[in-house]
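Here is the structure we will look at.
Every number here is computed from the coordinates shown, using simple stated rules; none is lab data. Predicted model, so just to flag it, every value in this text is computed and none were measured. Reconstructed Cβ throughout: ideal geometry from the backbone, glycine too, with neighbour counts over all protein chains shown.
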Amino acid sequence: MRFKVLIVEDSKASREFIAATVEAVDEVEAISTSSGFEALKLLPRHRFDLIITDINMPDINGLELINFVKKNPNYRDVPLFIITTEGREQDRERGMALGAAEYLVKPFVAGSLEGLLRRYLKLP
Amino acid sequence: MTGTKALAEFVAEATEILDALGRDLLALDEVRGRDDADPERVNGLFRAAHSLKGLAGLFGQERIARLANGAEDLLDRLRLGRLRLDDAVLDSLVDALDTFQSLLAEASRGEETDGLSRRAEDMATRLARLGSPPRAAEEDPLERLELDPQVRAVFTEYEEHRLRENVRREVSLWRVRAAFDLSDFDQGLADLNARLKPLGEIISTLPSARPGGVNGIAFDLIFGAQVNGDALTSGLLGTPAELFQLPVRPVVGAMPVATAASPEGAPSPKARRGGGRKKAARAPPPSEETAPPAGEGAPSAPGVPPRMRAVPAVESAAPLASDAGGARPEAEPSLRSLTQTVRVDIGRLDGLINMVGELLLIKANLQRLAETTRQDGAIAVSKLFGQELARETRQLERKLEALQEGLLEARMVPVGQVFDKLARLVRRIARDAGKEIDFAISGGEVELDKLIVEELSDPLMHLIRNAIDHGAEPPEARLAAGKSRRAVVQLHAEQKGNHVVISVSDDGSGIDETGVRDVALARRLVTPAQAAEMSRRELLNLIFLPGFSTRDRVSELSGRGVGLDVVKNNLGNLSGIIDVWSERGRGTAFHLTLPVTLAIIRALVVGVSGRTYAVPLNSVLEILAVRPEDISTVERREVLDLRGQTLPFLRLARLFHLPERPVGRHFVVVVGLAQQRMGIAVDELHGQQDIVTKPLGGRLRSVRGISGATDLGNRRTVLVLDVAELLEEGIAQERRRA
């Protein structure tokens with residue numbers, strides 16, 4: 001596998017859906033977790049090429065995770081997508097302001113996520 | 001993912017979300033009318049609705065997604081303080097939960113009925129319209145807090161709201177900084193959270209942008225303290241936490257006493273009350289301005305405790321009544337879970353895995369022994385070797401028993417799962433019936449096999465509905481009878497040995513046994529001669545007869561007995577039994593006695609006329625040896641005298657039409673469930689064994705007295721006796737012969 005994508009999302013169904021979409025792209029491996037804490041532990045153990053995170057999570061929120069990633073010299077260049085739900089514009093704007101590359105609004109379609117993945121991983 | 005698999009997954013996760021929603025709603029209901037609902041609870045509800053919406057969207061469940069959107073919107077306004085949690089809001093949320101459950105039930109069957117779609121639409125509209133006007137605009141209290149804008153930038157809207165609330169209530173705010181090792185920071189953080197939670201509210205947890213080295217990580221917790229700085233400092237002794245107070249500028253023109261800038265000073269009384277949580281002193285009764293607006297369901301009885309009071313169904317009556325023209329305003333959604341999954345405590349699974357490890361070890365030892373024997377040939381089979389083999393076999397046996405027990409435990413779930421669902425229903429039934437009910441639950445932690453718990457919801461719902469509809473009197477009638485205005489309905493579970501007893505009781509009018517007798521006579525269920533000889537207890541038990549009352553007609557005597565035969569049958573299928581106690585004017589109680597599990601049971605293996613049967617040991621009380629002359633006949637039925645008590649005597653051979661052998665003595669297996677006892681005569685006792693009962697198919701299914709078949713291990717298949725049915729058979733014989 002050439003690429004690793006970290007998926008942080010507390011809803012199991014969403015997480016699996018995203019993982020399945022991500023892994024449908026050749027040469028991409030999805031590593032997913034339901035918690036922000038777990039994500040913090042995973043970061044130093046892998047070299048991620050992309051991170052996809054939800055905003056509302058029980059331990060730390062997605063914005064805090066973005067802030068952590070973007071302020072850390074080891075990870076700051078990893079592109080980061082946020083998953084938001086319709087109507088949460090403020091959270092979305094903050095995520096983008098903190099350095100998220102893209103946002104995905106639930107419910108999203110597999111096609112658009114795949115397109116974004118290819119673009120950011122520079123795949124044909 | 002295939003279609004059905006995806007659907008099953010959706011249903012499983014949605015069910016979990018709805019269960020969590022239900023629990024949180026119930027907790028909010030308990031603080032109904034008080035203004036101190038736990039913000040975490042409200043946020044939990046919001047998160048649940050939010051997840052449900054996302055989930056339903058992913059799986060193309062449009063109707064659920066739309067309603068979840070409405071619920072999320074309402075809960076968002078609630079958690080952000082734009083809406084007050086009043087009775088109308090709470091009732092609507094409970095109704096919305098019911099609608100969700102119906103929608104999910106349809107989704108799991110792949111259905112989509114118009115009636116329910118309409119109901120969901122109405123519900124979404126209702127949720128959107130709810131709400132009191134927002135608080136008058138004021139200066140944003142957050143402006144008074146001196147906080148690094150970079151920190152503020154990572155707050156979600158909700159966290160920002162909680163921070164604002166804390167500033168507004170003049171709670172002292174702190175930044176709690178702690179560094180941990182990356183490998184176990186979650187444990188350290190959990191410990192810190194546990195210390196902090198009793199002292200106030202954790203508003204946000206920020207992983208620090210400057211971690212302490214490669215293997216370290218630091219966190220900044222934004223904390224609203226309910227205690228002064230000294231208490232906070234001493235509360236955190238021994239943790240790696242450092243404290244920094246966040247300065248707050250005083251309100252312009254505020255009274256001097258309201259200043260919260262002094263870190264060491266005790267919080268003002270206002271601040272203490274404002275942030276008060278569950279255990280804090282209760283807030284004073286709501287003032288005029290916080291009372292619900294007129295017309296939105298004013299309480300029916302001012303001055304009574306606000307919990308679960310029956311609210312005149314002003315706004316909810318219209319949509320409910322239009323659904324169905326019958327006596328029941330709405331089809332009752334089944335409380336059965338839609339999913340077959342059991343959530344197992346990780347500790348239990350770990351235990352099982354460990355045990356498997358030990359079993360593998362024993363297997364290796366046995367293998368080694370076998371290998372040694374093979375190599376050494378005939379000469380080495382010594383006594384020592386025999387002893388070693390016996391020891392390993394004993395070990396294996398013990399571990400296998402433990403493994404079996406562990407697996408059984410993994411099937412266990414607390415009955416509270418069903419109780420919580422019922423509690424939500426009580427509120428609606430009480431409202432529809434115009435009764436004022438206090439519903440009390442106890443023993444929810446008692447555990448039963450998941451399969452049994454599942455099957456219990458419908459019978460329990462039936463009994464509770466009866467207790468509210470027919471047991472509990474209307475408030476006026478209760479007052480006239482010198483009782484408290486509100487009726488009490490109790491649901492209680494208790495473990496008694498291998499059984500669990502669940503009782504549903506009320507302090508209502510009780511059952512009039514003469515009325516029961518008259519109905520039974522009118523329906524020709526008993527003859528006048530039989531009725532005349534019946535005790536009060538026997539008369540009461542007539543309510544369980546099929547045909548005592550019918551589903552569509554409410555019987556005239558206080559309405560009891562509506563379909564109770566169905567309840568009894570359902571319980572019979574679970575090897576359970578139901579008992580009734582009632583006293584006129586004092587109330588009624590139904591006791592359900594159930595086995596803890598149906599999966600693996602210990603059985604007594606007996607022989608009758610050359611055939612073998614298994615009797616579940618959990619209902620065996622004792623075994624007697626009886627000579628034929630000890631059996632006497634009373635009113636043409638055989639009985640035994642057991643320490644002064646008359647015990648009905650059943651010859652299994654006769655019941656199953658087997659040839660009877662003349663014997664010098666009978667073995668009598670005394671069985672009992674609840675209050676009922678019976679002696680069953682058998683020829684031989686073969687000992688005890690663990691059995692897994694398999695249901696019988698085809699024509700054998702309807703044979704009375706047999707619950708299934710089991711394999712005894714040596715490829716002998718035997719029938720398993722159904723003790724509950726046999727007891728009933730005995731009673732039926734009594735009745736026929738009387």
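Give me the net charge for the shell around A:VAL25: Cβ to Cβ below 9 angstrom, other residues only, Lys and Arg +1, Asp and Glu -1.
Here the count lands on -3.
Going by the alpha-carbon gyration tensor, a ≥ b ≥ c the square roots of its eigenvalues, is the stretch B:585-666 rounded (a/c under 1.5) or, if a/c is not under 1.5, prolate (a/b greater than b/c) versus oblate?
Cα axes put the stretch B:585-666 in the oblate bin.
How big is the dipole moment of the stretch B:420-487 about its Cα centre under a simple scheme where the beta carbon of each Lys and Arg is +1, that of each Asp and Glu is -1, and everything else is neutral? Debye, nearest 20, please.
Here the stretch B:420-487 has a charge dipole of around 460 debye.
Tell me, in nm to one decimal, what length is gained between B:SER702 and B:GLN367 on full extension, where the rule is 0.36 nm per residue of separation less the Cα-Cα distance?
Result: 115.9 nm gained on full extension.
Assign unit charges at the C-beta atoms only (+1 for Lys and Arg, -1 for Asp and Glu), then state the dipole size of the stretch B:1-107 relative to its Cα centre in Debye, rounded to the nearest 20.
340 debye
If the viscosity is 1.306 mPa s and the temperature 10 °C, what translational diffusion coefficient in µm²/s does Stokes-Einstein give for the stretch B:445-556 when Rh comes from Kirkwood over Cα pairs?
Here the translational diffusion coefficient equals 97 µm²/s.
Nothing charged except the Cβ atoms of Lys and Arg (+1) and of Asp and Glu (-1): what's the magnitude of the dipole of chain A about its Cα centre? Round to the nearest 20 debye.
For chain A, the charge dipole is close to 400 debye.
Using 22 Å as the Cα-Cα cut-off, could you pick out the over-long pairs in B:LYS363/B:LYS399; A:LYS12/A:LYS106; B:LYS435/B:LYS483; A:LYS12/B:LYS5; B:LYS53/B:LYS197; A:LYS4/A:LYS70?
From the list (B:LYS363/B:LYS399; A:LYS12/A:LYS106; B:LYS435/B:LYS483; A:LYS12/B:LYS5; B:LYS53/B:LYS197; A:LYS4/A:LYS70), the Cα-Cα distance tops 22 Å for B:LYS53/B:LYS197.
Give me the base-10 log of I(q)/I(0) for the stretch A:3-119 at each q in 0.21, 0.23 Å⁻¹, Debye formula, one uniform scatterer per Cα, rounded to two decimals.
-1.23, -1.52
Over every pair of different alpha-carbon atoms in the stretch B:48-117, take the mean of 1/r and invert it; report that Kirkwood radius in Å.
Here the Kirkwood hydrodynamic radius works out to 12.7 Å.
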